[in-house]
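Below is one structure; the comments refer to it alone.
The values are calculated or read from the model by the stated rules, or taken from the named source; none is laboratory data. Note that the coordinates shown come from a computational prediction; the quantities given were computed from them, not determined experimentally. Cβ coordinates were reconstructed from backbone atoms using ideal geometry, including for glycine residues, and neighbour counts include every protein chain displayed.
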Amino acid sequence: MTNNNHIAEIWEILEEEKSVGLVKRLYSSDVPFHIYATFQYPERYYGIAFTFSNDIRIDVSSFVNLRDLKVMLINDNTFVNSRLLVIQLLHPHSRDIFASLCESLIQSVIKLNSEKKVSSTIINQLEKWKTLFEKSSSTGLTPAEQQGLFGELHFLQKFLAKSDTIPLDALHTWVGVDKALRDFQGGNWAVEVKTTSTNNPQKVMINGERQLDDSLLKDLFLFHFSVEVSNGNGQTLCQKIATIREMLESDTPALSLFNAKLFEAGYLDKHEVLYQDRFYKVRNENYYKIENEFPRIKENELRGGVSDVKYSIILAMCDEYLTSENQVFNTIKEQ
């Protein structure tokens, strides 16, 4: 994995120094909170740490005895009445993944305005990391998950290719990996990506009564991406990822966030061999504006007690709602 992020650079410096025990180094003096890269020698535990006042309540009891991570609260001797929240990686072979996750975490907390919000964000992120690392020894993504991820990446690639796109901003709108309601969402817009490869490529499944409900949005779009799957014609998931990483190689924060989101989606580079024989060739691409009488079920239309609705849409009957790719991205840009 290509990963030239700042925390990894500090780890390398600390590792070369070989100071016995746990050592820390400030991540950046420009960051409004005290964030550190840490390294423990000779165990070779890479880590990240945050300073908090003793007044901030932090519960790490759910993170004891993890296989890949060690989370602990210790006294911070640098400041009075302060503690250090330390998150360590116990297996060096996952360092690149962990570095991407740490960089993503740092980007999310430096925008906050209180220690309490920072601590809450970190604990929430740790809950997610705990699940992700437990899954990291799995056998990879299922064919359906691979295909869905390929479709989301196809849209992301188009988004990043626009000349006025700020990569980091675009990546923050990719929320499908967080199991959000839709795959891409900005302030007042959203895009749901549906990737099909069946004999009936015009039928898509909708998961839930809110997925195509535009009640709280100004603009909602459906991107239907139809592909042909083969063992040697088109582009693999790994090739698609390599292409996007190349697009981001000069933007370290964006590349780190992209790698972190891939991990959150369940994609690990060590599983590449599992995906190398599955190729996707573009069959068709269409965008639909979800509005007015577009065939769908909306939350306020359900009878009391009915929820978790799943249904299919025949897109051949939705031609009047077709819109252009330029219109979709112009709408995104304006918001």
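Assorted remarks:
- Residue ID - surrounded by the fewest Cβ atoms within 10 Å (Cβ to Cβ), chosen from residues in the range 164-184 that are of a type in the set (D, E, K, R) and touching a residue at least 40 places away in the same chain (Cβ under 8 Å): Asp164
- Check on Arg44, in the same structural domain as Lys111 (by TED's automatic domain parsing), surrounded by fewer than 12 Cβ atoms within 10 Å (Cβ to Cβ) and charged (D, E, K, R): no
- Scanning the range 185-208 turns up at least one residue that is among the aromatic types (Phe, Trp, Tyr), under 22 Å from the mean Cα position of the chain (by Cα) and surrounded by fewer than 22 Cβ atoms within 10 Å (Cβ to Cβ).
- Taking residues in the range 132-156 that are under 24 Å from Cys102 (Cα atoms), and partners anywhere that are loosely packed, with under 11 Cβ neighbours inside 10 Å and modelled with pLDDT under 90, not one pair has Cβ atoms closer than 6 Å while being at least 6 places apart or on different chains.
- Number of the condition not met by Leu73 [criteria: (1) under 23 Å from the mean Cα position of the chain (by Cα); (2) modelled with pLDDT of 95 or more]: (1)
- Scanning the range 306-332 for residues that are surrounded by 12 or more Cβ atoms within 10 Å (Cβ to Cβ) and either assigned to a loop (DSSP other than H, G, I, E, B) or modelled with pLDDT under 90 (or both) gives Val309, Tyr311, Cys318.
- Residue identified as outside the structural domain of Gln185 (by TED's automatic domain parsing) and farther than 30 Å from Lys333 by Cα among Ile110, Ile122: Ile122
- Hits in the range 47-69 (condition: charged (D, E, K, R) and surrounded by 18 or more Cβ atoms within 10 Å (Cβ to Cβ)): Asp68
- Odd one out for Val177, checked against (1) out of contact with any strand residue (DSSP E or B) (no Cβ under 7 Å at 6 or more places or on another chain); (2) not in a helix (DSSP H, G or I): (2)
- Residue list for the range 16-48, filter: part of a strand (DSSP E or B) and of a type in the set (Ser, Thr, Tyr): Tyr36, Thr38, Tyr41, Tyr45, Tyr46
- Selection of the range 209-229 for residues being farther than 30 Å from Gly305 by Cβ and under 20 Å from the mean Cα position of the chain (by Cα) yields only Phe223.
- Of Glu152, Glu145, all but one fail to be more than 21 Å from Ile314 (Cβ to Cβ), modelled with pLDDT of 95 or more and touching a Gly at 6+ places or on another chain (Cβ under 9 Å); the exception is Glu152.
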